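Below you'll find the structure, written out as structure tokens, and then a few comments.
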Amino acid sequence: MAAQQVVLILDFGGQYKELIARRVRECNVYSIVKPGDITPDEIRAIHPIGIILTGGPNSVYKDDSPHCDKAIFSMGIPVLGICYGTQLLAWSVGGTVAPCAAGEYGKTRMLVKPSSPLFAGMAEEQIGLMSHTDQISVLPEGFVSVAATKDCPNAAVENQARQLYGMQFHPEVESTPNGTQMIRNFLYRVCGAVGDYNLKDLEQKLIEGIRSQVGQAHVLLGLSGGVDSSVCAALLSKAIPGQVHCIFVDHGLMRKNEGDEVEQAFKTRDLHFIRVNAGERFLSRLAGVTDPEQKRKIIGAEFVRVFEEEAAKLPNVRYLAQGTIYPDVIESGGSKAATIKSHHNVGGLPKNMNFAGIVEPLRSLFKDEVRALGRQLGLPGKFVARQPFPGPGLSVRIMGEITPEKIAILQEADAIFREEITRRRIKADQYFAVLTDTRSVGVVGDFRTYDYTVALRAVRTSDFMTCEYAPISHKVLGLVSSRIVNEVKGAGRVVYDITGKPPATIEWS
Ligand code: XMP
């Protein structure tokens, strides 16, 4: 059998490199991401059918901006530049890049030329997500413009003879509605892709990666019972059966009855399942802490301390495994990206850990891909379809100090909200209650009350990187509100959060 086709994605510091990789996977083509300064020899060794240059925050004409070896553009391998990547391509082969008179941001109307392979079969009028302050001001010799916006005459460019293409906009994001089709066109019409990559291959590659990383060593997996860690457990037990120990740390911040439900679900499966009840320990560490990032860091650190203690009781455990997925990584920030919040399993980890390494096979995948993988691995539908629940649990949904009283109020209110949403089959991808730190005056019978305000949040999203609030009817909201204030002691008022992401995030902290 011929070796599988591969597309090489070269990283120039853009936020969306894994999103590009994901779109290429969606088009049934395997891709790998490498740093932008890769050498031509290293590229030849990979035998890519095409190269995609990512975006990035720099200006190509500045000395300290990331460049690539110009020989890449004469290797006979088709190249597609995206945003900064298109500027780099044009600049490298003799064009000029200069600041735009007016930068373009957001969804922008473009006129494209369907005669270009990139836009074959498409209407002339398209929307592209623009986000740039520089643009190609003079085209390199042999290049033509194949798309233009009001302010950007070179919104897409090509030199068909040399198989060099560029898009100033971002085809990889959902805000470019036909973006995946444009990437597909590049892959199939320019690079000669045959579509020889699928989920089975992904599973096999992940399994090979796990085996080569851990060898004969044993692995301790932090299992929360959520989709990501459950899929990770299934994958690990297929890759290295007998070498996996799953530890469920009940930090006392689970949803109502959830600790016991997780134990029931996993104890009977073919896994070494360990439950540690650490509620008091976590609560004492969190006493008096109100800052959201500090709470996340404390929880991340405490998780690892419990993992280390349990690992020491087991033979040959050298690795800690986690179900980290790509949105956790990108939002936790890094050397180039901004920190939005430290997801407990990424930015929340302490620096010194007693493990030889971390195993995170799902690190480059998106939620819907993780679900598809879980189904393929044979996990029961109810696990795979579960809404996400963050590792730090209800701590990210309790504003201000965390106390047993506040946890109890939130658990009850949240259980009521989830019960009503499920019973009524309301369409939402994640839904939960939040306990605000605001108390307000009410009246029950003839008495004054001064109780907490509960906020309800329900969102629709596929990738959890952006979301819209779910338009739940006022009737249902009213019913949930009256159940919460009547049934939950300490809850005095209910509000519904109608903010999208961005600018808000899904969780409140
Ligand atoms: P945000 O609040 O960043 O959340 O819009 C995006 C998705 O990630 C979940 N989330 C987490 N998951 N550990 C996790 O495992 C965390 O620390 C964490 N913080 C947020 C959140 O529930 C949503 O689905």
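The values are calculated or read from the model by the stated rules, or taken from the named source; none is laboratory data. Just so we're clear, the structure is a prediction, and the values are computed from it rather than from any experiment. Methodologically, a virtual Cβ is constructed for each residue, glycine included, from the backbone with ideal geometry; neighbour enumeration extends over all protein chains shown.
Figure legend. Inter-residue proximity from segment 490-509: first residues closer than 19 Å to ALA428 by Cα, second residues more than 11 Å from the ligand (Cβ to nearest atom) and part of a loop (DSSP other than H, G, I, E, B), beta-carbon distance below 9 Å, spacing 6+ or different chains. Indicated pairs: TYR496/ILE472; ILE498/PRO471; ALA504/ASP497; TRP508/MET399; TRP508/ASP497.
The residues in segment 95-134 that are of a type in the set (Val, Ile, Thr) and within 18 Å of GLU172 (Cα to Cα) can be counted, and the count is 3.
Among residues that are in a loop (DSSP other than H, G, I, E, B) and either within 12 Å of ALA156 (Cα to Cα) or of a type in the set (A, V, I, L, M) (or both), ALA90 is not included. Looking across segment 224-256 at every residue that is small (Gly, Ala, Ser) and within 16 Å of the ligand (Cβ to nearest atom), the one that is surrounded by the fewest Cβ atoms within 10 Å (Cβ to Cβ) is identified as GLY226.
Looking across segment 454-471, the residues that are part of a strand (DSSP E or B) and over 26 Å from ILE407 (Cβ atoms) come down to ARG460, GLU468. Every test in (1) at pLDDT below 95; (2) part of a helix (DSSP H, G or I); (3) among the charged types (D, E, K, R) is passed by ARG211 save one, and that test is (1). Each residue in segment 378-397 was checked for being within 14 Å of the ligand (Cβ to nearest atom) and either modelled with pLDDT of 95 or more or part of a helix (DSSP H, G or I) (or both), and 5 pass. Taken together, the residues in segment 472-509 that are within 15 Å of the ligand (Cβ to nearest atom) and either in a loop (DSSP other than H, G, I, E, B) or among the small types (Gly, Ala, Ser) (or both) amount to 11.
Mind telling me which of the residues GLN163, GLN168, GLN135 ends up being at positive phi, buried (at least 17 other Cβ atoms within 10 Å of the Cβ) and away from the ligand (no atom under 16 Å from the Cβ)? If you could, list the steps in order and put the result at the bottom.
Numbers: GLN168 fails: at positive phi; GLN135 fails: at positive phi.
The conditions single out GLN163.
May I ask you to verify whether ALA71 is hydrophobic (A, V, I, L, M, F, W, C) and without any contact (Cβ under 8 Å) to a residue 60 or more places away in the chain? Here the answer is yes, as ALA71 does meet what is asked. What about ARG269, is it surrounded by fewer than 21 Cβ atoms within 10 Å (Cβ to Cβ), under 23 Å from HIS218 (Cα atoms) and modelled with pLDDT of 95 or more? Considered against the rule, which asks whether it is surrounded by fewer than 21 Cβ atoms within 10 Å (Cβ to Cβ), under 23 Å from HIS218 (Cα atoms) and modelled with pLDDT of 95 or more, ARG269 comes out as no.
Yes or no, residue by residue, for (1) in contact with a helix residue (DSSP H, G or I) (Cβ under 8 Å, 6 or more places away or on another chain); (2) buried (at least 16 other Cβ atoms within 10 Å of the Cβ); (3) of a type in the set (Val, Ile, Thr):
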residue: LEU373; (1), (2), (3): yes, yes, no
residue: GLY391; (1), (2), (3): yes, yes, no
residue: MET399; (1), (2), (3): no, yes, no
residue: LEU410; (1), (2), (3): yes, yes, no
residue: ALA415; (1), (2), (3): no, yes, no
residue: ARG423; (1), (2), (3): no, no, no
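Scan segment 437-475 for residues that are free of Cβ contacts under 8 Å to residues at least 60 places away in the same chain and either among the hydroxyl-bearing types (Ser, Thr, Tyr) or buried (at least 17 other Cβ atoms within 10 Å of the Cβ) (or both) and the total you get is 19. From the list ASP446, ASP437, ASP463, ASP451, the lone residue that is more than 16 Å from the ligand (Cβ to nearest atom) and either of a type in the set (S, T, N, Q) or modelled with pLDDT under 95 (or both) is ASP446. Do you know which residues across segment 37-60 are in a loop (DSSP other than H, G, I, E, B) and free of Cβ contacts under 8 Å to residues at least 40 places away in the same chain? Once the filter is applied, which keeps residues that are in a loop (DSSP other than H, G, I, E, B) and free of Cβ contacts under 8 Å to residues at least 40 places away in the same chain, segment 37-60 yields ASP37, ILE38, THR39. Scan segment 164-203 for residues that are in a helix (DSSP H, G or I) and either touching a Ser or Thr at 6+ places or on another chain (Cβ under 7 Å) or at pLDDT below 95 (or both) and jot them down. Passing the criteria: LEU199, LYS200, ASP201, LEU202.
Which members of segment 6-23 meet the condition of being over 14 Å from LYS205 (Cβ atoms) and more than 16 Å from the chain's Cα centre (by Cα)? If you could, list the steps in order and put the result at the bottom.
The initial filter retains those residues of segment 6-23 that are over 14 Å from LYS205 (Cβ atoms), namely 7-20, 22-23.
Across segment 6-23, the qualifying residues are VAL7, LEU8, ILE9, LEU10, ASP11, PHE12, GLY13.
Among the conditions (1) within 31 Å of the chain's Cα centre (by Cα); (2) surrounded by fewer than 20 Cβ atoms within 10 Å (Cβ to Cβ), MET130 misses just one, which is (2). The residue of segment 335-361 that is farthest from LEU320 (Cα to Cα), among those that are at pLDDT 85 or above and touching a Phe, Trp or Tyr at 6+ places or on another chain (Cβ under 8 Å), is ALA356.
Scanning segment 258-284 for residues being under 27 Å from PHE417 (Cα atoms) and either touching a strand residue (DSSP E or B) at 6+ places or on another chain (Cβ under 9 Å) or free of Cβ contacts under 8 Å to residues at least 40 places away in the same chain (or both) gives a total of 13. Considering segment 376-389, the residues that are over 16 Å from LEU223 (Cβ atoms) and within 19 Å of the chain's Cα centre (by Cα) include one that is surrounded by the most Cβ atoms within 10 Å (Cβ to Cβ), namely GLN387.
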